[in-house]
Ligand SMILES: CC(C)(COP(=O)(O)OP(=O)(O)OC[C@H]1O[C@@H](n2cnc3c(N)ncnc32)[C@H](O)[C@@H]1OP(=O)(O)O)[C@@H](O)C(=O)NCCC(=O)NCCS
C-alpha cells in the first residue's frame, strides 16, 4: 500500500448538503426563517473537530494500531463572509504539518465558492491508558511542492506563536493601557454614573458527562466542548444585544486536560467588553472529576467576538460594560487589544465589512 506522507495525499473533502436537505437545514438554523447568518457555528465546530480527527487518524493509523488522537487546540477562527443556512457547506481539510507527536490540520470552509473561514486544529497522538498516557512519535511529512512548503512554514509559525504567548503571559501593562483604564474608572466614579458592570452579564451552565457521550477514545471530543461553550457565549451576548448578535471571530481554545465520562463540567460566559456594535464574551470551561471536589480549568479563557446587527445586518451599537474588580480591568485590556488586532487585519473580515459604512470606531 502506498504510504500517505505528503499533505496533498492527506486531504479530505466533506459536504454538508444544506441546499437540498430541509431536515439538515432545520438542524443548523439558530431560529426559523431565512435570515442571513442564521447558522449554528457551535454545531459546525463539532463537525470540524470530527473531520480534523478523521484526517489526523488517516496519517497516524499507517504507523500505529491503538493510538488515540486528541484535540490540543483550535486556533483563532476569523469569519470572513456571512453564513447562509440554506446553502451547501464545503469543508476542505488537510494536514499541513506534522511535529513530534502533534500535527496541524487546516480546514477551509466555503459556501457558494466564497471563503467563509479557515480553522486550524492541533491534534496530538497519545498512546497508553488514558490515566497514564504519553505522546506517540510520528514520522515527519514530505513537503515537496511550493504550496506544501508554505503551508508547513505557516503552521510552524502558528505553533511558535502559541509557545511565545505562553512565555509572555505575565507581560507588564503599557502606559496606554493604564490611561484607558483610568478613563473608565473615572466614568464609574461620576455622580451621574448609571452604567452596568461586567457582572450583570454572566451566564453559567453545568452538565455531567454520561456514558452515552463516549467516543472510541473513552473521552469527550474537543468539538463537543467548543460547541457547548460557544452556545453559552452566544446566549450571553444576547443579554446585552438589542438586535441579533452574530459571530465574527473565535479566539484560540487550548484544551489542557481530557474530559472523562462521569466528569462534571461547568461552562461560564461573561460579556467583558463592548465597543460600538462589538460584543466580546469571555468563556471558560472547568472540570470536577468523578468522586472529586476540586475544580480545575479545562481550557484557557477563550474570547468570542459578536456583532450586534438588525435583521438587515446593519450594525447597531450596544451599551458599554464597565469593569469593577482589578481582574475585570485586566480582562478589559485583553479584550480591547484582541478586538483592535482583529479590526487591523489586512484581509476581509465580517467584523469590518458589516461596520465599514457606519463609521464606528473601536472605542
Ligand atoms: C494535548 C495534551 C496531550 C498535551 O499534553 P502535554 O503534557 O503538554 O504534552 P507535550 O508537552 O508532550 O505536548 C505534545 C505535543 O502537543 C503540542 N501541544 C500541546 N498543547 C498544545 C496547544 N495548546 N497548542 C499547540 N500545540 C500543543 C506540543 O507542542 C507537542 O508537540 P510536538 O510533540 O509535535 O512537539 C494535553 O494537554 C491534553 O491531554 N489535553 C486535552 C486533550 C483532549 O482530551 N482534548 C479533547 C477534549 S478536552
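All of the numbers you see were taken from the coordinates with simple rules; none came from a lab. What you are looking at is a predicted structure, and each value in this text was computed from that prediction instead of being measured. Because the Cβ atoms are built from the backbone with ideal geometry, glycine has one as well, and the counts that use them run over all protein chains shown.
The label-point distance for residue 36 and residue 314, in a model that sets each label 7 Å from Cα toward Cβ, rounds to 1.3 nm. Between 0 and 90 degrees, the angle of helix 146-167 with respect to the longest Cα principal axis of the chain falls at about 50 degrees.
For the residues 231, 327, 14, a GNM of the chain with alpha-carbon springs under 10 Å puts the largest fluctuation on 327. For the residues 223, 33, 291, a GNM of the chain with alpha-carbon springs under 10 Å puts the largest fluctuation on 291. For residue 200 and residue 297, the FRET efficiency from 1/(1 + (r/R0)^6), where r spans their Cβ atoms and R0 equals 22 Å, is about 0.40.
Helix 175-189 against the longest principal axis of the chain: what's the angle in degrees, Cα atoms only, rounded to the nearest 10? Once rounded, one gets 50 degrees. Neighbour counts of other Cβ atoms within 10 Å put 47, 346, 21 in the fewest-to-most order 346, 21, 47. Between residue 132 and residue 150, residue separation times 0.36 nm minus the direct Cα-Cα distance comes to 2.9 nm. Please compute the contact order of the stretch 1-171 in relative form: average sequence separation of alpha-carbon pairs under 8 Å and at least six residues apart, divided by the residue count, as a percent. Answer for the stretch 1-171 is 25 percent. Rounded to 0.05, the FRET efficiency of the residue 13 and residue 171 pair, given R0 = 51 Å and the Cβ-Cβ distance, is 0.80. Against the chain, whose longest principal axis comes from its Cα atoms, helix 41-60 is set at around 30 degrees. From a point 7 Å beyond the Cα of residue 62 in the direction of its Cβ, which residues of the stretch 126-158 have a backbone N at a distance under 12 Å? Output list for this probe position: 139-143. This ranking places 311, 75 by how few other beta-carbon atoms lie within 10 Å of each, fewest first, which gives 311, 75.
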